[in-house]
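One structure is given below, encoded as structure tokens.
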Amino acid sequence: MSYVDQRMGAGRITSIVIVAILHALLGYALVTGMAYKVIKKAAEDLKTFDVNEEPPPPPEAPPPEKIPEVQPPPVVAPPPIVRVAPITPTPVMAPPAPIHVEAPPAPPPPPKIEPARAKANLASYVSNDDYPDAALRNEEQGVTAFRLEVGPDGRVTSCTVTSSSGSSTLDNATCRIMKSRARFTPATDSSGRKVSDSTSSRIRWVLPPQ
């Protein structure tokens, strides 16, 4: 380093130190003077300051009234639709038909005092000569039971086979013979009047010997 540079460096340092001292002195003077003035001013203010109680803080405003929440109305389902069946008018019933009271039956005829009686044994009205040829050829035989209706004149009005001999030829021959040959004493009632009657019998058909 040259001598000139050394001189310049030393002079700069010296200038810096001087400036720093001046700043320090100036700061001290300012601090001490200003501090005195500040303390003095504060003392004067204390003498003239009217000490009053600090006014109470204003009362707190009441909290706003809480408005109750308005609940929305509940959702109500509409009532179910009820379908009413149409009313069917009650049919007017016709008045019942008048009850027909039948007349009491006619009184039964007077009992027969005397029944019809055959004038001969009914079997006697049949002989071997009456045996039908067809029954002979087929060798048919048997017993025919029958019922005869007898009129007031004693004659047979009808003949009914009640039990067959097994041969329609013999059955038909029995009724034919009874209707044409049998004769009866007619039945009479309690007043003696001749009335109809019925009677039952049977004929045994036996093949004649050869």
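Could you tell me which residue of segment 99-108 is farthest from residue 195 (Cα to Cα), considering only residues that are at pLDDT 70 or above and open to solvent by 100 Å² or more (accessible area, probe 1.4 Å)? It would help to see each step written out before you state the result.
Residues of segment 99-108 at pLDDT 70 or above: 99, 102-108.
In the following step, the residues that additionally are open to solvent by 100 Å² or more (accessible area, probe 1.4 Å) were identified as 99, 102, 104-105, 107-108.
Details: 99: 37, 102: 28, 104: 24, 105: 20, 107: 16, 108: 13 Å.
If we take residues in segment 99-108 being at pLDDT 70 or above and open to solvent by 100 Å² or more (accessible area, probe 1.4 Å), then 99 is farthest from residue 195 (Cα to Cα).
Of all residues in segment 167-205, count the ones that are basic (Lys, Arg) and touching a Lys or Arg at 6+ places or on another chain (Cβ under 9 Å).
Qualifying residue count, segment 167-205: 2.
Select from segment 175-210 the residues that are small (Gly, Ala, Ser), part of a loop (DSSP other than H, G, I, E, B) and out of contact with any strand residue (DSSP E or B) (no Cβ under 7 Å at 6 or more places or on another chain) and write down the one among them that is nearest to residue 145 (Cα to Cα).
192
Here is a list of conditions, (1) in a loop (DSSP other than H, G, I, E, B); (2) in contact with a strand residue (DSSP E or B) (Cβ under 7 Å, 6 or more places away or on another chain); (3) crowded, with 18+ Cβ neighbours inside 10 Å, and residue 152 meets all of them except one; can you say which number that is?
(3)
Select, from 157, 185, 174, 169, the only residue that is in contact (Cβ under 8 Å) with a residue 60 or more places away in the chain and either open to solvent by less than 30 Å² (accessible area, probe 1.4 Å) or hydroxyl-bearing (Ser, Thr, Tyr) (or both).
185
The values are calculated or read from the model by the stated rules, or taken from the named source; none is laboratory data. Keep in mind that what you see is a predicted model, and the values were worked out from it rather than measured. Cβ atoms come from the backbone with ideal geometry, glycine included; neighbour counts cover every protein chain shown. The accessibility values were calculated without ligands, DNA or RNA, using every heavy atom of the protein model including side chains. Shrake-Rupley method; radii C 1.70, N 1.55, O 1.52, S 1.80 Å.
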